[in-house]
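The values are calculated or read from the model by the stated rules, or taken from the named source; none is laboratory data. This one's a predicted model, so the numbers in the text were calculated from it and none came from an experiment. All Cβ positions, glycine included, derive from the backbone under ideal geometry; neighbour counts span all protein chains shown.
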Amino acid sequence: MKNRAAEGLALDLKATEEILVNFLREEVHKVGFKKVILGLSGGIDSALVAFLAAKAFGSENVYTVMMPYKTSSKESLEHAELVVKASGINTKKVEITPMADAYFAMNDDMTSLRKGNIMARMRMCVLFDNSAKEGALVLGTSNKTEILLGYSTQFGDSASAINPIGDLYKAQVWALSEYMGVPSEVIKKKPSADLWEGQTDEQELGFSYQIADEILYYLVEERLQPCEIISLGYDEKTVEAVTRKIKINQYKRKLPVIANVSKRGMGNNFKYPRDWGV
């Protein structure tokens, strides 16, 4: 029964690439931009977005920023450089250590989680500043699995103008990356946000991306109840953990909730079946 999820997660890779490249061109060009920018971490998600952007706009119009902290893995920078070399995109390196350490020094009770959040948001500050400098629109690099599980820092790595891979599960990111020629070193390594030394995504989540994708597929795409998924042979605690993460992180998937006091408030009432003429 588990194979049904694997079958459902399979993509027409050629068609998916074409859809995402056309999506990028339309969404970027219609608001008056010709260039894009993204943070390049050395991980598979940002690598795939970089490859998609290079195909959509030409490598000369894609800007990336590597933003290591002093504890960042040397391998992350090496893998980011492999992506730059393979795609021909522009890049620069901005060390965030002096900025982050200045704040950390003012707070002697900093935890690893708080430090990681500060670094993620600091990187986004640097990225948006460089977007203004280059006149380039910021691309997001969060995949569907991360978005559903809330595995991101709000207004940090989750911030962007548009996101081409937000509807791809992690398994689909791996498959499309291989299809598009992302360096194998990036595809094969253990996923990590590289927020502190030795950190890995799956260790922090408490389950593998493969299992998460399958459970999420049944919950979201097939709309099964948790008890039905457990009956398929999945671990009860894992199903409950995945379901809980979806629920408690809903606030990360929404724009700030605005109180309505007028006839046309800025929340759900302010919806039009058009995109304001752009």
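Of all residues in the stretch 30-46, which are on the phi < 0 side of the Ramachandran plot and surrounded by 14 or more Cβ atoms within 10 Å (Cβ to Cβ)? Show your work before the answer.
Taking the stretch 30-46 and keeping what is on the phi < 0 side of the Ramachandran plot, we get 30-31, 33-41, 43-46.
33, 35, 36, 37, 38, 39, 40, 41, 43, 44, 45, 46 - these are the residues of the stretch 30-46 that are on the phi < 0 side of the Ramachandran plot and surrounded by 14 or more Cβ atoms within 10 Å (Cβ to Cβ).
Say we look at the stretch 20-44 and pick out the residues that are of a type in the set (D, E, K, R) and part of a helix (DSSP H, G or I); which of these is farthest from residue 127 (Cα to Cα)? Spell out the reasoning first.
Applying the first criterion (of a type in the set (D, E, K, R)) to the stretch 20-44 yields 25-27, 30, 34-35.
From what's left, part of a helix (DSSP H, G or I): 25-27.
On the way: 25: 20, 26: 22, 27: 19 Å.
My answer is 26.
Which pairs have Cβ atoms under 7 Å, sit 6 or more apart or on different chains, and link a residue in the stretch 190-211 that is buried (at least 20 other Cβ atoms within 10 Å of the Cβ) and small (Gly, Ala, Ser) to one that is at pLDDT below 80 and part of a helix (DSSP H, G or I)?
What qualifies is 192/201; 193/201.
Checking residue 49 against (1) within 14 Å of residue 162 (Cβ to Cβ); (2) of a type in the set (A, V, I, L, M, F, W, C); (3) surrounded by fewer than 22 Cβ atoms within 10 Å (Cβ to Cβ); (4) touching a strand residue (DSSP E or B) at 6+ places or on another chain (Cβ under 6 Å), only one condition comes out false. Which one?
(3) is the only condition that residue 49 fails.
Inspect the stretch 68-88 for any residue being aliphatic (A, V, I, L, M) and in a loop (DSSP other than H, G, I, E, B) and give the result as yes or no. Lay out the reasoning, then the answer.
Applying the first criterion (aliphatic (A, V, I, L, M)) to the stretch 68-88 yields 77, 80, 82-84, 86.
Keeping just the survivors that are in a loop (DSSP other than H, G, I, E, B) gives none.
For the stretch 68-88, residues aliphatic (A, V, I, L, M) and in a loop (DSSP other than H, G, I, E, B): absent.
Here are some conditions: (1) surrounded by 15 or more Cβ atoms within 10 Å (Cβ to Cβ); (2) farther than 17 Å from residue 51 by Cβ; (3) modelled with pLDDT under 95. Residue 113 meets all but one. Which one does it not meet?
Every listed condition holds for residue 113 apart from (1).
Would you check if residue 219 is buried (at least 21 other Cβ atoms within 10 Å of the Cβ) and assigned to a helix (DSSP H, G or I)?
No; evaluated as a whole, the condition is false for this residue.
Checking the condition exposed (fewer than 12 other Cβ atoms within 10 Å of the Cβ), outside any helix (DSSP H, G or I) and out of contact with any Gly (no Cβ under 6 Å at 6 or more places or on another chain), which residue from 233, 265 passes?
Details: 265 fails: exposed (fewer than 12 other Cβ atoms within 10 Å of the Cβ).
It is 233.
How many of the residues making up the stretch 123-139 are touching a Lys or Arg at 6+ places or on another chain (Cβ under 8 Å) and among the acidic types (Asp, Glu)?
Narrowing the stretch 123-139 to residues touching a Lys or Arg at 6+ places or on another chain (Cβ under 8 Å): 130, 134-137.
Next cut, among the acidic types (Asp, Glu) only: 134.
Final tally of qualifying residues: 1.
Mind checking which residues of the stretch 80-94 are buried (at least 21 other Cβ atoms within 10 Å of the Cβ) and either under 16 Å from residue 124 (Cα atoms) or under 18 Å from the mean Cα position of the chain (by Cα) (or both)?
So the first thing to find is which residues in the stretch 80-94 are buried (at least 21 other Cβ atoms within 10 Å of the Cβ), and the list is 80, 83, 87, 89.
Scanning the stretch 80-94 gives 80, 83.
Anything in the stretch 58-79 that is more than 20 Å from the chain's Cα centre (by Cα), of a type outside the set (Gly, Ala, Ser) and more than 19 Å from residue 191 (Cβ to Cβ)? List them, or say none.
Correct list: 60, 61, 70.
So, in the stretch 7-19, of the ones that are part of a helix (DSSP H, G or I) and in contact with a helix residue (DSSP H, G or I) (Cβ under 7 Å, 6 or more places away or on another chain), which residue ends up farthest from residue 222 (Cα to Cα)? Full working, then the answer.
So in the stretch 7-19, the residues part of a helix (DSSP H, G or I) come out as 7-9, 13-19.
With in contact with a helix residue (DSSP H, G or I) (Cβ under 7 Å, 6 or more places away or on another chain) added as a condition, the list becomes 8-9, 13, 16-17.
Numbers: 8: 9, 9: 12, 13: 21, 16: 21, 17: 24 Å.
Per the stated criteria, the residue is 17.
Taking only pairs six or more apart or across chains, which ones have beta-carbon atoms under 6 Å, a first residue in the stretch 87-100 that is in contact (Cβ under 8 Å) with a residue 12 or more places away in the chain, and a second residue that is exposed (fewer than 13 other Cβ atoms within 10 Å of the Cβ)?
So the pair list comes out as 97/70.
For the stretch 119-148, which positions are within 14 Å of the chain's Cα centre (by Cα) and hydroxyl-bearing (Ser, Thr, Tyr)?
141, 142, 145 - these are the residues of the stretch 119-148 that are within 14 Å of the chain's Cα centre (by Cα) and hydroxyl-bearing (Ser, Thr, Tyr).
Anything in the stretch 98-110 that is assigned to a helix (DSSP H, G or I) and either small (Gly, Ala, Ser) or surrounded by 16 or more Cβ atoms within 10 Å (Cβ to Cβ) (or both)? List them, or say none.
99, 100, 102
Go through the stretch 111-151 and give me each residue that's in contact (Cβ under 8 Å) with a residue 60 or more places away in the chain, assigned to a helix (DSSP H, G or I) and in contact with a strand residue (DSSP E or B) (Cβ under 9 Å, 6 or more places away or on another chain).
The answer is 123, 124, 126, 127, 130, 131, 134.
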